[in-house]
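Chemist: Structure provided below as structure tokens; questions to follow.
The values are calculated or read from the model by the stated rules, or taken from the named source; none is laboratory data. Computed from a predicted model, the values in this text were never measured in an experiment. Here the Cβ is made from the backbone with ideal geometry for all residues, glycine too, and neighbour counts use every protein chain on show. Protein only, heavy atoms only, side chains kept; ligands, DNA and RNA dropped before computing areas. Shrake-Rupley method; radii C 1.70, N 1.55, O 1.52, S 1.80 Å.
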Amino acid sequence: MAPIRDRSVTGPLPEIHGHGLHLRPWDAASASDVETWLRGMSDPEFRRWNTPLRLVTDRTSAQESLRARAQSAAEGTSVSFRVADARSGTALGHVGVNEIKYHLKAARVGYWVLPEARGQGVATRALLLAARWALTELGLHRLELDHAVGHDASCRIAERCGFAYEGTLRGATFEKDRHDAFRDAHLHARLATDPEPDAEPDVSRRPGAEF
């Protein structure tokens, strides 16, 4: 059996196709990618549930953030994908495989969707693609997903993608717009040995669905 590190993300990053989507690495040199990243990271709904260590507030900080993502990919610790419609190429959101630990065969996943693309199952489809890639191409065994308690849309996405609820993490994530206060998070996880979720998720628009 080949060493785990041999299946890492060293070398050219992949492009993933499926479920009507095209996933490719973000490009810090692309003005449109920088603008999309800024829109996603500064969106009020994203900020309601997520408080990054370094806030993205303008094009300069957005480009710096994407450069940091590219550096993490080069180091093999995370991979960040731009999610786009497979036919039109229109940007829809983001999905990432983060905190990759090859010695434990584990990582964490995260995602967001632009406001105009919500209600179309984008996060579900993107997460299914990214999870399958991480569990097969990277040879990982466990993927974790956590979200602030109360973010019911993320709970539904996790469950649809085969990430079982495992419990509540106390004070595990920052409060909205604060780095000095904390809130609880729900932990979900999927193992390589878990049953594969439905291969063809419902991509029709569902009234009231957030993602």
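Chemist: Within the stretch 163-181, which residues are among the small types (Gly, Ala, Ser) and loosely packed, with under 15 Cβ neighbours inside 10 Å?
Modeler: ALA164, GLY167, GLY171, ALA181 - these are the residues of the stretch 163-181 that are among the small types (Gly, Ala, Ser) and loosely packed, with under 15 Cβ neighbours inside 10 Å.
Chemist: Considering ARG82, ARG69, ARG48, which residue is closer than 26 Å to ALA153 by Cα and not in a helix (DSSP H, G or I)?
Modeler: From the options ARG82, ARG69, ARG48, the qualifying one is ARG82.
Chemist: Spot the failing condition for ARG190; the list is (1) loosely packed, with under 14 Cβ neighbours inside 10 Å; (2) at negative phi, and only one is missed.
Modeler: With respect to (1) loosely packed, with under 14 Cβ neighbours inside 10 Å; (2) at negative phi, ARG190 is out only on (1).
Chemist: Could you grab me the full set of residues in the stretch 85-97 that are at negative phi and not in a strand (DSSP E or B)?
Modeler: Passing the criteria: ALA86, ARG87, SER88, THR90.
Chemist: Follow-up question, since we're still on this one. Considering the stretch 96-128 alone, what residues qualify as being open to solvent by 10 Å² or more (accessible area, probe 1.4 Å), touching a Leu at 6+ places or on another chain (Cβ under 8 Å) and within 21 Å of TRP26 (Cα to Cα)?
Modeler: If the condition is that a residue be open to solvent by 10 Å² or more (accessible area, probe 1.4 Å), touching a Leu at 6+ places or on another chain (Cβ under 8 Å) and within 21 Å of TRP26 (Cα to Cα), then ILE100, ARG108, VAL109, GLY110, TYR111, ARG125 are the ones that fit.
Chemist: In this structure, is GLU64 in a helix (DSSP H, G or I), under 20 Å from ALA153 (Cα atoms) and acidic (Asp, Glu)?
Modeler: Numbers: in a helix (DSSP H, G or I): yes; under 20 Å from ALA153 (Cα atoms): no; acidic (Asp, Glu): yes.
Criteria not met by GLU64.
Chemist: How many residues are free of Cβ contacts under 8 Å to residues at least 60 places away in the same chain, open to solvent by less than 10 Å² (accessible area, probe 1.4 Å) and either acidic (Asp, Glu) or out of contact with any helix residue (DSSP H, G or I) (no Cβ under 9 Å at 6 or more places or on another chain) (or both) when one looks only at the stretch 129-162?
Modeler: Final tally of qualifying residues: 2.
Chemist: Sticking with this one: Here is a list of conditions, (1) assigned to a helix (DSSP H, G or I); (2) open to solvent by less than 50 Å² (accessible area, probe 1.4 Å); (3) without any contact (Cβ under 8 Å) to a residue 40 or more places away in the chain, and VAL56 meets all of them except one; can you say which number that is?
Modeler: Exception for VAL56: condition (1).
Chemist: Something else: How many residues does the stretch 140-180 contain that are small (Gly, Ala, Ser) and assigned to a strand (DSSP E or B)?
Modeler: Matching residues across the stretch 140-180 total 5.
Chemist: Identify, from the list ALA29, ALA2, the residue that is open to solvent by 20 Å² or more (accessible area, probe 1.4 Å) and modelled with pLDDT of 95 or more.
Modeler: From the options ALA29, ALA2, the qualifying one is ALA29.
Chemist: If I filter the stretch 181-195 for residues that are basic (Lys, Arg) and either part of a helix (DSSP H, G or I) or at pLDDT below 95 (or both), do I get at least one hit?
Modeler: Within the stretch 181-195, none of the residues are basic (Lys, Arg) and either part of a helix (DSSP H, G or I) or at pLDDT below 95 (or both).
Chemist: Restricted to the stretch 59-71, and to residues that are of a type outside the set (A, V, I, L, M, F, W, C) and surrounded by 18 or more Cβ atoms within 10 Å (Cβ to Cβ), which residue is nearest to the chain's Cα centre (by Cα)?
Modeler: ARG69
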